[in-house]
Amino acid sequence: MEVLGRLHPLLVHLPIGIIILAILFKLLYYRSKDEKFRNVLPTILLIGLGLSGLSVVTGFLHARGGEYDEDLLYNHRLYALLFTIAQGLLYLNMTRKKYIGLEIPVWFLMGFALFLTGDYGGNITHGYNLFTIGKSTYTRKSIENIHEASVYSDIIAPIFSSKCYSCHSSKKQKGNLRLDSEEGILKGGKHGAVLSNDTIAESKLIHRILLDEEEENHMPPQGKSPLSVREIKTLQWWIKNGADFDKKVKDYTDNKMIVEFYGKKNTPRPNELVPDIQVPAPDEASIGALQKSGIAAGRIAQNSNFVSINLNGKNLTNDQVVNLSKLSKNIIWLNANQSPLTADLLNVISTCDHLTSLDLSHTNLNDTLIGQLGTFRNLKNLNLASTLISTAGLNKLIGLKSLLNLYLFETHMNSLDFITISKLFQGARIDTGSYYVPILFGDTTKMTREEWDKEAKAEAGEGITKPR
């Protein structure tokens, strides 16, 4: 019976074609009044009736596995039976030539039943019907605060919804597997559990996703939208960390990748680095004096009163500090990279109320000196790389509410400190450096197909997905 049931997808399309042919002949008869078109209709209807009967029988057998939503299945069966009965009534009417007045209504009834049968069938097999084509089953909500986001509800569930629900939800449970609820995910399918946090590769869910697309068990199957590299890595990370359904992003110690993937893009647009305020014209004499002393100074644009300063690693004299102080209300971009930070220079920097970008990297900045900095209401980028700053010093900067990017490479902090800092500056991207840049195989690397496949499978076992 299971084998016969699998014939249903093959047979179900045949009566549709036959009935369309019958409708075509009916229209030709109305147009030409040629009896040859009408005379062949009983034969066409009889063939369609037989195929419809086979489709109904195989359909009942095919649904025995319990993979489909009962309500959708009920309606699909109901209209399939109505469609078959309408064909039988038309055949009897044409062969016995009785109830001529009911022929047209029955034609319309058959067409209506055919439409609804196909519509419900499409919903069962593909997860959508005619009226929802082009609409997503799940609209991903914008994550305003990635650290407070629920990992499962806000990140994992949308992946399942967009790529898996069409076959594994309340409407259809292919392999007796549902991925639209915690209970269904933990229960698994007819082949057992789909999750395992021992190793990522042991989880059937990940194993099938990483199979070659040509493999029969690859998920999603061919013809459906595959998971992106980001989505695969996200699922691997979630499963590796215990596949918890309640935790928030901030509850995980290794959440950097998730923050990067799903947090708001923190790279500011150019206009975000220019405050929307008016300031008086800068002191041109001070700009000229700084330029003559080897400091890069100037307006950020010809029609702007805002000023950009690059100290070029210089140890500032008293005159340079004085000229800099005369521009404090105009400076929005200040680069003090490799310049010694004296008390006088830090005092001047602290008066630059409109700063949006401040680079203090490779300086003598420490937890004591950092206390002299201001609150900087508009500061977006702060670079403290290669300084003596620790978590204690950064605690003095919690007033930087507008901060978007904080660079902390080679500071006096470890991975545990970075977790604390990410909670202190939840709206900012914490850049700690030490990046691992994978080797990308391109035009300069020659590999045979066999070498590529072998390496791809090896990396798949380690949770790495190689682009095809």
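The values are calculated or read from the model by the stated rules, or taken from the named source; none is laboratory data. If you're wondering where the values come from, they're calculated on a predicted model, not measured in any experiment. Virtual Cβ from ideal backbone geometry, glycine too; neighbours counted across all protein chains shown. The protein model used for the area step is the full one, side chains on, heavy atoms only, and it has no ligands, DNA or RNA in it. Shrake-Rupley method; radii C 1.70, N 1.55, O 1.52, S 1.80 Å.
Check the straight Cα-Cα distances from residue 240 and name the aspartates and glutamates below 15 Å, setting aside those fewer than 8 residues away within the same chain.
Those aspartates and glutamates meeting the cut-off are 198, 202, 231, 251, 254, 462.
If the cut-off is 15 Å between C-alpha atoms, which aspartates and glutamates fall inside it for residue 250, apart from same-chain ones fewer than 8 positions away?
Straight-line reach from residue 250, under 15 Å: 144, 148, 154, 260, 417.
Near residue 190, which aspartates and glutamates are there with a Cα under 13 Å away, not counting those fewer than 8 places off in the same chain?
Residue 190 reaches 67.
Take the cross-link list 204/454; 256/380; 187/423 and give me the ones stretching past 29 Å between alpha-carbons.
Going by Cα-Cα distance, 187/423 fall outside the 29 Å limit.
Leaving out ligands and nucleic acids, and using a 1.4 Å probe, what accessible area per residue does segment 309-366 come to in Å²?
In whole numbers, segment 309-366 has 38 Å² accessible per residue.
Please sort 344-354, 6-16 by packing, taking for each peptide the average over its residues of neighbouring beta carbons within 10 angstrom, highest first.
Per-residue Cβ counts within 10 Å, averaged per peptide and sorted highest first, yield 344-354, 6-16.
For residue 3 and residue 253, compute 0.36 nm times the residue count separating them, minus their Cα-Cα distance, and round to one decimal in nm.
Full extension of this stretch gives 85.0 nm more.
Measure off, as a whole percent, the carbon and sulfur share of the 1.4 Å-probe accessible area of segment 249-387, all protein chains present. All intermediate terms of the calculation are to be shown ahead of the outcome.
Working: 3130 of 6560 Å².
Of the solvent-accessible surface of segment 249-387, carbon and sulfur hold 48 percent.
Which distance in nm do the two modelled labels at residue 108 and residue 448 give, with both placed 7 Å along the Cα-to-Cβ direction?
Using points 7 Å along Cα→Cβ, the separation is 6.9 nm.
Could you do me a favour and compute the accessible area per residue for segment 1-86, 1.4 Å probe, result in Å²? Display every interim value, and only then the final one.
Working: 5120 Å² over 86 residues.
Per-residue value: 60 Å².
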